[in-house]
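The values are calculated or read from the model by the stated rules, or taken from the named source; none is laboratory data. Here the structure is a predicted model, which is why all the values come from computation and not from measurement. Cβ sites come from the backbone with ideal geometry, for glycine too, and all protein chains shown count toward neighbours. Side chains included, ligands, DNA and RNA excluded: accessible areas come from the protein's heavy atoms. Shrake-Rupley method; radii C 1.70, N 1.55, O 1.52, S 1.80 Å.
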Amino acid sequence: MPHKVNVQSLPEDIALRITSKLTLKEAARTSVLSSVWKQACVFHPNLYFGIETEHGGHAKGEEVRSDPSKRMLTMSKFIERVDAILKNHCGMQVNKFAVKFGLSTKHTKHINRWFSFAIASKARAVILNLSPNRNPFTYDDNYAFPFQLFDGQNGSYLHVLQLESVTLGPSPDFCGFANLKILDLHFVILLQDLRQLLSKCCVLEWLSIRRCFELSSLCVPEPLCRLQYLRLQNCAFRSIEFHAPNLTTFEYKGSPALMNFSKCLKLKTVAIWIDVTNTLKYMLTGIPSILPNVETMHVELLIRNEMFGFIWFPLKFISLKHLTMELTCWGNTKSVFQLAYLLEAAPLLEDLHFEMLGLDPISSRPVGMVDIMDLLHYHLKTVCITGFCGNDGQVELAKYILKNALMLDHLILKLGGDKGCTSRVHEIYGRKEAKERLAPLARDGVVSIL
């Protein structure tokens, strides 16, 4: 017979280890087992106070959000609950302290008190998300982050700081976060020069800035020698400059901006979505000048029209080997065929993956290859076109690749899109076009129709 374990009599160190793997709510339930388990709950290392545990579900959360009286009552109960738990906690060995609830500037004294607890308990990760139950575009009553509480030795234990729907006010005398490795800002109002804050985070490794709409310039000439990952999304950037010699990954979403990464020589992986009318032309002429040494790139493009009067510039992705493109195609078939310029733009490309949405298999007129000169490519081995529906632009693009990619091993045509947007009619027509117009042009085994 299997040996039965009496959980009520487990040693304290075992109970501590078990409760540390549970959520705070789950750990609280174990406190009724015995005094050992009650004591273990007092030492819980991850303190998460969120809207989910207070409301108990999305539907109830929506009901509270729409009723001001219920919202006020829920806020009061939430504050009381947090205070009660922190009062009983030992205040030691806290790894993560997180608050996710729709609070504002009128709750400053409560939030500051919680921050003081996090600082005293030497929490390594602090997460403050004040967006739930609030309109993130309403900034007037934002809570102001208390730099003064984290100054000097108080901020030295902090490794992770995530802020959402708060305000970062001026902090000219703030000495910085000496050991901060991860900084995540989302819907944050910046009333200070972010350069000053970043220059005081000397060991920063991971930086994310999203929907900070007042931020138009981010030029950080001081070296961030340990920064490895940078994400900038949905801000209003006009200029970006970083001196980060160990930066390896960059993600960007927004309008075209002047970018200077010339001192980021290890930057090899990029994901980019540019909001510009002629996205393909910008992809071929603008991005190579900014990120010439990238080896792996993911790009999301909206292709509306073909490029008229396109003049090729001598800018190339001189190191690019792996390219994935998510394409929403609203233009004619020729705009799809012009993706063939990528073979000239990336002479060392080995893997090319297209995810195509929005195409109609029946084109208005046939397209030819007369506008794009044949240029042999000696490195391309694998091409995948997901969302292949037999559109003339897709067919001519595939024919161009079959003709000019001398080392091609696989041309994979996926009839159904990964996002499930291709109809059954498109699949039938795409399979027919692939078998009749492409398969006969390739060596055996090169073309795969999935």
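State all residues of segment 179-197 that are at pLDDT below 90, hydrophobic (A, V, I, L, M, F, W, C) and either within 28 Å of Gln93 (Cβ to Cβ) or not in a loop (DSSP other than H, G, I, E, B) (or both); if no residue qualifies, say none. Leu190, Leu194, Leu197, listed by residue number. With respect to Leu163, determine if the residue is in contact with a helix residue (DSSP H, G or I) (Cβ under 9 Å, 6 or more places away or on another chain) and on the phi < 0 side of the Ramachandran plot. It is false that Leu163 is in contact with a helix residue (DSSP H, G or I) (Cβ under 9 Å, 6 or more places away or on another chain) and on the phi < 0 side of the Ramachandran plot.
Within segment 395-414, which residues are without any contact (Cβ under 8 Å) to a residue 60 or more places away in the chain and outside any strand (DSSP E or B)?
The initial filter retains those residues of segment 395-414 that are without any contact (Cβ under 8 Å) to a residue 60 or more places away in the chain, namely 395, 398-399, 402-403, 406-414.
Within segment 395-414, Val395, Ala398, Lys399, Leu402, Lys403, Leu406, Met407, Leu408, Asp409 meet the criteria.
Yes or no, residue by residue, for (1) over 15 Å from Thr324 (Cα atoms); (2) touching a strand residue (DSSP E or B) at 6+ places or on another chain (Cβ under 8 Å); (3) not in a loop (DSSP other than H, G, I, E, B); (4) not charged (D, E, K, R):
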site: Leu265; (1), (2), (3), (4): yes, no, no, yes
site: Val270; (1), (2), (3), (4): no, yes, yes, yes
site: Trp273; (1), (2), (3), (4): no, yes, yes, yes
site: Met283; (1), (2), (3), (4): no, yes, yes, yes
site: Ser289; (1), (2), (3), (4): yes, no, yes, yes
site: His298; (1), (2), (3), (4): no, yes, yes, yes
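None of Ile290, Ile272 is more than 26 Å from His159 (Cα to Cα), modelled with pLDDT under 90 and among the aliphatic types (A, V, I, L, M) except Ile290. Counting only helices (runs of 4 or more DSSP H) that fall entirely inside segment 56-124 and contain at least 3 residues that are at pLDDT below 80, the qualifying elements are 58-66, 68-88.
Annotation: of all residues in segment 418-428 being surrounded by fewer than 18 Cβ atoms within 10 Å (Cβ to Cβ) and part of a loop (DSSP other than H, G, I, E, B), the one that is modelled with the lowest pLDDT is Gly420.
For segment 108-118, which residues satisfy the criterion of being touching a Phe, Trp or Tyr at 6+ places or on another chain (Cβ under 7 Å) and open to solvent by 20 Å² or more (accessible area, probe 1.4 Å)? If the condition is that a residue be touching a Phe, Trp or Tyr at 6+ places or on another chain (Cβ under 7 Å) and open to solvent by 20 Å² or more (accessible area, probe 1.4 Å), then Thr108 is the only one that fits. Scanning for something modelled with pLDDT under 80 and open to solvent by 30 Å² or more (accessible area, probe 1.4 Å), does segment 372-393 turn up at least one residue? Scanning segment 372-393, I find at least one residue that is modelled with pLDDT under 80 and open to solvent by 30 Å² or more (accessible area, probe 1.4 Å), so the answer is yes.
Among the residues making up segment 151-174, those that are under 29 Å from the mean Cα position of the chain (by Cα) and either open to solvent by 30 Å² or more (accessible area, probe 1.4 Å) or closer than 16 Å to Val94 by Cα (or both) are Gly155, Ser156, Tyr157, Leu158, His159, Val160, Leu161, Gln162, Glu164, Pro170. For Pro256, the criteria (1) outside any helix (DSSP H, G or I); (2) surrounded by 18 or more Cβ atoms within 10 Å (Cβ to Cβ); (3) in contact with a Gly (Cβ under 8 Å, 6 or more places away or on another chain); (4) at pLDDT 80 or above hold in every case but one, which is (2). Residues that are modelled with pLDDT of 80 or more and over 15 Å from Ile272 (Cβ atoms) within segment 297-327 comprise Lys316, Ile318, Ser319, Lys321, listed in sequence order.
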